[in-house]
Amino acid sequence: MRVLMTLLEKRKAQQPAQDADVRRSLVETLYASPASLTIGAATGTAVGIVIANMADGKAIHAVVIVLCIVAALRVISAVFFHRQLMRGTAVASRNWELAYELGAWAYAGLLGLMGFVTLIGSSNSIIHMLSVSMATGYAGGISGRNAGRVQIAIGQVCLALLPTAMGLWLEGSTGYRVLSVAMVLMVLGLAEISSTTHRIVVQALIGKRDKSLLAEKFERLARFDSLTGLENRMAMQMRLREIFETTQKRNDAVAILWMDIDRFKEINDSLGHMVGDQLLRAVADRLNEVVQGRGRIARFGGDEFVIICPDTDRVTAASIAQEIISYFAHGFDLGEHHLQATASIGYAVAPQDGRDMDELMQHADLALYEAKGEGRNRASSFNWSLKERFNRLHEIETGLRRALSGGELMLLFQPIVALENGHIDACEALLRWHHPVLGPIPPSEFIPIAESMGMIEAMTDWVLRQACIAAASWPGEVRVAINISPASLKSTELPANVIAALLETGLPARRLELEVTESIFLDDSGQTNVILRELQRIGLRLALDDFGTGYSSLSYLRSYRFDTLKVDQSFMAGISANPEDRAIVRAIGNLARDLKMDTVAEGIETPDQLQHAREAGFTNVQGYLFSRPVPTERIAEMIAAGPLEGSERPDPVRRRRA
Ligand code: C2E
Ligand code: MG
Ligand code: MG
């Protein structure tokens, strides 16, 4: 008995570790096999009826009747619960466990009682054999079957075997007494078997439970962004696919808003990633406040958020986007920092803007690109002209890589004429690209793209070499001028490339002029300054191109010694009709003369413009009046031919720098 108690106590101590799920599963095991329960009930009833028929005595009959009733009730309840279990509606509650427990104990107790009363009340050894075998067989089976709820199993074993053992002992014969002792030992053995089986079942169930908890956790991690708690890109795409499949069947509108925090990288870099993370969380909260039930928000990655709004047309999408942007204007309080972050949003609306999910996403992204390009802190809607522009941009980007290596680029030269005598003083090298599909693409379009792709340095190097090769074959001192974009001027390799080109072609440095625009002074980190001075040390000439349209601070004329000022052609275009343009051009002419710089009037197309350039005291002119940009063979012929038409009248007030 003591051993039994320890077993039960040990088991009780393990109980708190079992959570509700495990416990439910254990109760379910009790009802898992109604067949075995039915067999147990049927055999007990059959044996009972046989005993009742063979034996006299009210007590035996009464026990058999109650045994049959309990057996029937147990079979009914087991089948009923099992059906519920199969349908998935069963709730394996404490009540079901209790019902099973009472039924099981009652049935086992009645079998034990049947053994006791037959052993005491009858002398028929067949009846004894039937009742004792029934009790032992039942106890053996039940210790394994009900090990899921070990107290039921052990209780049943005790209730079936102990009264029978007592009956055997009281019967008094030696063989019966030996059997009685064996039966008590059997109780201990079966209790141990039940406990061990129980432990194994519990461990298996806990393992199963842990596995499913882990799977749940991984699924959550896979679907949600751990920083903001919003759905992540994968979940968003799945959701969008679902929405698209259902709404597009009905042809309903679906809007996608793609938002990006402006200059987030700068915030991250300057204030640290902790603040960056705080901002992302605050933005997620704010988006939840603004969007509310109108859409599903997901963090697409980095500082990008996507909002999917089912049943939303373009007008509503625009108003949601505007609300978000306005809401950003309140700024963000993040601990000691108050951040004035802004956002850009691009949106696209199905079915007009995209036939499938990927296309709609791509178009919302394009609209975002447009919003950023237009100056940020704004929302842009997708439209198909945007797509055409993007396609062209894409064609240019892919074509540019091929163009440089595939010989699609070409250099033309435009003469810069001395007003004094009509001779060509210099020729400006101008890049041309004939795209195999798109046709000629102007440099004003492809040069900024080459800059953004990081290809401009290679391109400048190519121009430099081609221009030096061409100029080396020109007679006399005619210079070649090449345009250097601000991005190239940041490259520390530029001076070395220039020297290499000069050495390879044998062109003297004084015959090479570099044209830079005022924009180089915009974000002057000191690097530009160093490179400009290095170039001047080599002996090159420097020209300030498109003067008057860019940064227009005169202070850099003081710190850099430019050899030439090229007045932007927009001033020359309006000079005949516009007194303001005339005044500006004259002032620049005077300024350059006093600073001892050469001056070039760009875009001279008419004799009248030429006349104004003369009157303003310009030293040189350039424009279609003299020549359009021409190929290298043609420019060599023009140089050899001498003074150009259009400047035959010598300028009496020529003031060239000495
Ligand atoms: P830019 O350096 O100011 O070059 C002068 C532009 O004015 C050229 O346009 C030229 O063809 C045009 N032009 C010359 N005379 C006249 C005229 O009388 N009337 C009119 N309407 N235009 C005239 P282009 O060749 O289209 O070049 C545009 C700009 O592209 C250039 O302006 C320059 O900034 C840039 N560019 C051209 N080639 C290169 C290059 O090799 N490298 C770099 N970085 N930029 C280049
Ligand atoms: Mg130029
Ligand atoms: Mg220019």
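Annotations
- Scanning segment 579-621 for residues that are open to solvent by less than 10 Å² (accessible area, probe 1.4 Å) and among the polar types (S, T, N, Q) yields Thr599, Thr619, Asn620.
- Inter-residue pairs, beta-carbon under 6 Å, first under 30 Å from Leu644 (Cα atoms) and in segment 394-416, second in a helix (DSSP H, G or I) and at pLDDT 95 or above, 6+ apart: Leu411/Gln466; Phe413/Ile635
- Residue list for segment 498-515, filter: touching a Leu at 6+ places or on another chain (Cβ under 6 Å) and either within 16 Å of ligand 1 (Cβ to nearest atom) or not assigned by TED's automatic domain parsing to the domain that holds Glu428 (or both): Ala501, Leu512, Leu514
- Odd one out for Asn391, checked against (1) surrounded by fewer than 19 Cβ atoms within 10 Å (Cβ to Cβ); (2) in contact (Cβ under 8 Å) with a residue 40 or more places away in the chain: (2)
- Pick from segment 407-426, criterion open to solvent by 30 Å² or more (accessible area, probe 1.4 Å), more than 12 Å from Val621 (Cα to Cα) and not aliphatic (A, V, I, L, M), ranking: modelled with the lowest pLDDT: Gly407
- Taking first residues from segment 491-515 that are within 15 Å of Val530 (Cβ to Cβ) and partners that are more than 16 Å from ligand 2 (Cβ to nearest atom) and basic (Lys, Arg), the Cβ contacts under 9 Å between residues at least 6 apart in sequence or on separate chains come to Pro495/Arg537.
- Failed criterion for Ser485 (all others in (1) without any contact (Cβ under 8 Å) to a residue 12 or more places away in the chain; (2) within 16 Å of ligand 2 (Cβ to nearest atom) hold): (1)
- Pairs where the first residue, in segment 32-51, is closer than 15 Å to Val63 by Cα and the second is open to solvent by less than 50 Å² (accessible area, probe 1.4 Å) and among the polar types (S, T, N, Q), C-beta under 8 Å, 6+ apart: Val47/Ser131; Ile51/Thr118; Ile51/Ser131
- Residues of segment 38-62 satisfying the condition of being modelled with pLDDT under 90, open to solvent by less than 40 Å² (accessible area, probe 1.4 Å) and of a type in the set (A, V, I, L, M): Ala41, Ala52, Ala55, Ile60
Here's the yes/no breakdown for (1) in a helix (DSSP H, G or I); (2) among the aromatic types (Phe, Trp, Tyr); (3) assigned by TED's automatic domain parsing to the domain that holds Gln622:
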{"site": "Pro475", "(1), (2), (3)": "no, no, yes"}
{"site": "Ile482", "(1), (2), (3)": "no, no, yes"}
{"site": "Ala487", "(1), (2), (3)": "yes, no, yes"}
{"site": "Pro495", "(1), (2), (3)": "yes, no, yes"}
{"site": "Arg533", "(1), (2), (3)": "yes, no, yes"}
{"site": "Ala543", "(1), (2), (3)": "no, no, yes"}
{"site": "Ser553", "(1), (2), (3)": "no, no, yes"}
{"site": "Tyr556", "(1), (2), (3)": "yes, yes, yes"}
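Residues are listed down the side, and each one gets a yes or a no for (1) over 29 Å from Ala467 (Cβ atoms); (2) assigned to a helix (DSSP H, G or I); (3) modelled with pLDDT of 95 or more; (4) away from ligand 2 (no atom under 16 Å from the Cβ):
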position	(1), (2), (3), (4)
Lys566	no, no, yes, no
Ile575	yes, no, no, yes
Arg582	yes, yes, no, yes
Ala592	no, yes, no, yes
Lys596	no, no, no, yes
Gly623	no, no, yes, no
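The values are calculated or read from the model by the stated rules, or taken from the named source; none is laboratory data. Treat the numbers as computed from the prediction; the structure is a model and nothing was measured. All Cβ positions, glycine included, derive from the backbone under ideal geometry; neighbour counts span all protein chains shown. For accessibility, only protein heavy atoms count, side chains too; no ligands or nucleic acids. Shrake-Rupley method; radii C 1.70, N 1.55, O 1.52, S 1.80 Å.
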